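J.: Take this structure, written in structure tokens, and hold onto it; I'll ask about it next.
Coordinate-derived values only; no laboratory data. Being a predicted model, the structure only gives us computed values, none of them experimental. Glycine gets a Cβ as well: all are built from the backbone with ideal geometry, and neighbour counts include every protein chain shown.
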Amino acid sequence: MRVIGIDPGTRHLGWGVLDRIGGRIQHIDHGVIDTDATASIADRLVTIDDALGRIIETHAPNAASVEALFFAKDAQSAAKLGHARGVVLLRLARVGVAIHEYPPARVKRAIAGSGMATKEQVQRTIAQLLSLTVLPKLDASDALANAFAHLAMAPFEEALRRMGVAPAPTKRGRRRHA
């Protein structure tokens, strides 16, 4: 199974591609899509869409692990993050890649053992887990962590589904019924 992990952002969007072959997780590639901070939000979203399209075409992932939207204190930042996530989700859906979303704390817990781990702790841990000799940029390490967490958790979640037990929803993943 080949998974692309994505850490959305309108200025820096991290991505990382991993393969699971048997029980082994292997690093394929990673990077950051950097956009022009002086460009309009629309132009930055086009840059993200075009670059992500090339990455998906090159690496042909079967699944994607995208950082779930979380509630930020800054509404403007949250809105921009939502724009980037929308472009990512649309691009993935258009090419038929299965999309999985995980809250940042769950990914951090899966990688570093604590949902409160810093970006630097995740960066060092993911580099060690993947035997990388150079630390990836923070946005790329977050994306690699998303992909790794999905590959690590997917077999357990699939086993639960086969047994008829749905994984527990995350606190923020619960919907209110009107």
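J.: Stick to the Cα atoms of the range 1-41, pair each with every other, and give me the Kirkwood hydrodynamic radius in Å at one decimal.
T.: That comes to 11.5 Å for the range 1-41.
J.: Let me ask something else. Ignoring everything except DSSP H segments at least 4 long, calculate the 222 nm mean residue ellipticity for the chain; use -39,500 (n - 2.57) per segment, divide by total residues, nearest 500.
T.: Dividing the helical sum by the residues of the chain leaves -16000 deg cm²/dmol.
J.: Of the lysine pairs in the chain, how many meet both conditions: Cα atoms under 21 Å apart, and a spacing of 8 or more in sequence or different chains?
T.: 9
J.: While we're looking at this one, here's another question. Computed over the Cα atoms of the range 2-166, what is the convex hull's projected area averaged over all directions, in nm²?
T.: Value for the range 2-166: 10.1 nm².
J.: Quick check for me: using +1 on Lys/Arg Cβ and -1 on Asp/Glu Cβ, what's the dipole size of the range 2-166 about its Cα centre, in debye to the nearest 20?
T.: My answer is approximately 440 debye.
J.: Residue by residue through the range 127-136, what is 3J(HN,Hα) from phi via Karplus (6.51 cos²θ - 1.76 cosθ + 1.60, θ = phi - 60°)? Round to whole Hz and write x for glycine and proline.
T.: 3J(HN,Hα) across the range 127-136, in whole Hz: 4, 5, 4, 9, 6, 7, 7, 10, 5, x.
J.: Here is a further query. Ranking request for peptides 82-93, 53-64: highest mean number of other beta-carbon atoms within 10 Å first, then the rest in descending order.
T.: With the highest mean Cβ count within 10 Å placed first, the list reads 82-93, 53-64.
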